Amino acid sequence: MAMEYTESQLNNMSKDEMKIVILALQSQLNTLNTNMEVLIEQLRIANQQRFGRHTETLSAIDGQIGFFNDVEAVYEEDTEEPLIDEVIERKKKDKVKGQRDINLAGFEEKEILHKLDPKDLDAFFGEGNWRRLPNEVYKRLACIPTQWMVEAHSVEVVVGIGGDHQDEFVRGDRPKDLLRNSILTPSLAAALINAKYVNSMPLDRMEKEFDRNEINISKQTMSNWLMLLSEKYFNAICERIKKELLAYHVNQSDETPVQVLHKNGKPGSKSYMWVHRSGEFYRDKQIVLFEYQPGRAHKFPMEFYKDYNGILVTDGLSQYHLIDKKLDGMVNANCWVHARRFFADAVKAASRGDPVAAKKSIAYQALLRISSIYKIEESLKDLSPEERLETRIKSIKPLVDEYFTWIKEQASVALPKSKTAEGITYCINQESYLRIFLKDGEVPMDNSASERALRTFCIGRNNWKFCNTERGAQASANIYSISETAKLNNLKPLKYFEYILTQLPYRCDENGNVDPDKLDDLMPWSDKIPEDCKKTRR
């Protein structure tokens with residue numbers, strides 16, 4: 001607390017005492033100014049996160065700065081004005097001829113003929129004074145609303161009335177039920193899964209939609225169906241997916257909070273949905289696996305990766321660093337998007353006050369350096385791991401070395417407690433983890449693929465807000481795993497779920513269990529998946 005002096009006390013102070021008071025006051029003012037600048041930055045960042053565009057790329061941030069000073073932001077002295085012929089030619093090239101036919105290809109077509117009556121033609125042209133030309137054909141896309149149909153299965157029954165099999169009964173073959181004594185069919189189950197887990201529609205909204213179609217299916221019934229399907233069939237598929245995932249040399253992981261109302265142990269405490277996916281550069285067979293856990297402690301990823309030998313790409317969460325130290329076979333690599341995020345926030349906040357000063361800031365200079373690294377990395381995506389690593393060592397490593405040398409020099413200059421200071425501290429502390437991608441061509445530079453994998457879950461969470469039970473959360477994890485993996489492997493989730501739910505009842509043993517090792521032909525990456533489950537265009 002600051003000392004208060006009366007006018008008399010100040011008048012009676014010696015010169016040295018007055019210096020001490022002034023220096024103390026100056027120190028307090030500096031601290032106050034620093035705190036005020038940090039507070040203003042935090043307020044601007046809060047407004048940016050609420051109302052602004054969520055991006056960390058330098059080009060997008062430059063565009064946002066340009067909103068305040070668009071002439072200064074885009075001006076380049078040596079840029080030549082394009083000729084009018086070039087502009088017109090560019091516009092012509094942008095339009096692809098026949099794009100409508102390409103978009104409508106593959107759909108069932110129904111020909112609708114609009115006829116001309118020959119009598120009307122004779123009356124107009126005169127008899128014999130006309131001839132037919134090729135028909136004018138144009139296409140429109142029609143939508144047929146969902147149709148509901150009751151499958152009334154009639155099983156023939158025959159009884160022997162003589163011979164060796166007298167009084168014995170023979171029944172016709174009947175398809176196996178998904179769930180015992182349930183009206184649920186593969187097509188209905190697939191529609192429910194597609195609506196909730198692909199299109200993020202809450203069960204409550206689905207119940208109302210059923211009611212509008214005069215169908216009596218409650219959200220409790222739907223919830224029971226989804227949990228039973230998950231436990232009876234999808235557990236085995238996810239176990240098979242996990243086995244395949246852990247065989248990859250590079251994995252990526254992230255986590256996001258999820259609220260569970262009725263939770264064993266600590267009801268209402270924060271739970272997490274973890275996502276694990278194959279490395280971004282593995283394009284032929286991509287895998288996403290969701291895992292519900294009641295917390296965020298290191299023991300959860302440690303249990304998942306206890307037998308893993310490879311590189312795990314994550315954000316800078318200390319839990320991952322801890323399992324890096326405890327598990328001999330696992331190496332943790334960190335994400336450059338998280339490294340630049342602090343600086344991006346700082347620049348966006350500063351640009352709301354002084355765009356010119358924002359471009360001269362440490363944060364902006366850091367973004368420039370990271371952007372130069374990303375520009376080279378973006379050009380390496382289609383290379384082999386060996387070629388990618390060779391180019392990284394030659395072209396990117398010198399930039400990374402220069403970046404860390406420079407960033408350490410800024411540590412004493414940046415405003416304490418600011419986003420820029422946080423970014424500098426983050427980069428210095430995570431340096432060894434941020435350099436891992438320079439040692440292995442299969443390691444991506446960032447963990448954006450994991451964040452993208454979480455996106456559908458996060459959209460759904462915004463709609464349904466919470467899970468009722470841990471059992472329901474785990475069922476959701478299983479279904480999201482299959483639907484997201486299906487999408488990454490260019491499948492139509494609705495058709496794929498209908499197909500596997502038709503096949504899975506026949507894969508159960510006498511105890512009703514499915515063997516995960518006998519599901520290879522049903523996996524989303526299998527070449528035995530029917531063509532109608534696959535997207536013909538990416």
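In whole Å, what is the distance between the alpha-carbon centres of the stretch 110-157 and the stretch 422-450?
One Cα centre to the other: 61 Å.
If you put +1 on each Lys and Arg Cβ and -1 on each Asp and Glu Cβ, how big is the dipole of the stretch 336-444 around its Cα centre, in Debye rounded to 20?
500 debye
Could you list, bin by bin from short to long, the percent of Cα-Cα pairs of the stretch 117-222 in 5 Å steps?
In whole percents, the pair-distance histogram is 2, 7, 11, 12, 9, 7, 7, 6, 6, 7, 8, 8, 5, 3, 2, 1, 0.
Simple spin-label model, 7 Å along Cα-to-Cβ: Ile215 to Ile22 in nm?
Each label point lies 7 Å from its Cα, and together they span 8.3 nm.
Between Asp509 and Thr469, what's the calculated FRET efficiency when r is the beta-carbon distance and R0 is 30 Å? Round to 0.05.
Efficiency computed from Cβ-Cβ geometry: 0.60.
State the Cα centre-to-centre distance between the stretch 458-522 and the stretch 311-333 in whole Å.
Computed from Cα coordinates, the inter-centre distance equals 28 Å.
I need the Debye-formula profile for the stretch 384-522: one equal scatterer per C-alpha, no solvent, reported as log10 I(q)/I(0) at q = 0.19 1/Å, two decimals.
With no solvent term, the Cα-only Debye profile gives -1.13.
Can you give me the three principal axis dimensions of the stretch 450-538 from its C-alpha atoms, in Å, biggest first?
Between the extreme Cα coordinates on each principal axis of the stretch 450-538 lie 40, 36, 20 Å.
Roughly speaking, what is the stretch gain from Ile161 to Asp517, that is 0.36 nm per residue apart minus the C-alpha to C-alpha distance, in nm to one decimal?
Between Ile161 and Asp517, full extension yields 123.6 nm more.
May I ask you to derive the FRET efficiency for Glu386 and Arg140 from their Cβ-Cβ distance with R0 = 56 Å, giving the value to the nearest 0.05?
It comes out at approximately 0.65.
Whole percent per 5 Å bin, from 0 to the bin with the longest distance: what is P(r) over all C-alpha pairs of the stretch 336-444?
Histogramming the stretch 336-444 at 5 Å steps yields 2, 12, 22, 23, 16, 11, 8, 4, 1, 0 percent.
At a Förster radius of 51 Å, what calculated FRET efficiency corresponds to the Cβ-Cβ distance of Glu531 and Arg171, to the nearest 0.05?
For Glu531 and Arg171, the calculated efficiency is 0.90.
Just name one of Ser432, Ile370, Pro416: the one whose Cα is farthest towards the positive end of the charge dipole of the stretch 336-444 (beta-carbon charges, Lys/Arg +1, Asp/Glu -1).
Value computed over the given set: Pro416.
None of the figures in this text is laboratory data; all of them are computed from the coordinates on show. These figures come from a predicted structure and were not determined experimentally. Every residue, glycine among them, receives a Cβ derived from its backbone with ideal geometry; neighbour counts consider all protein chains shown.
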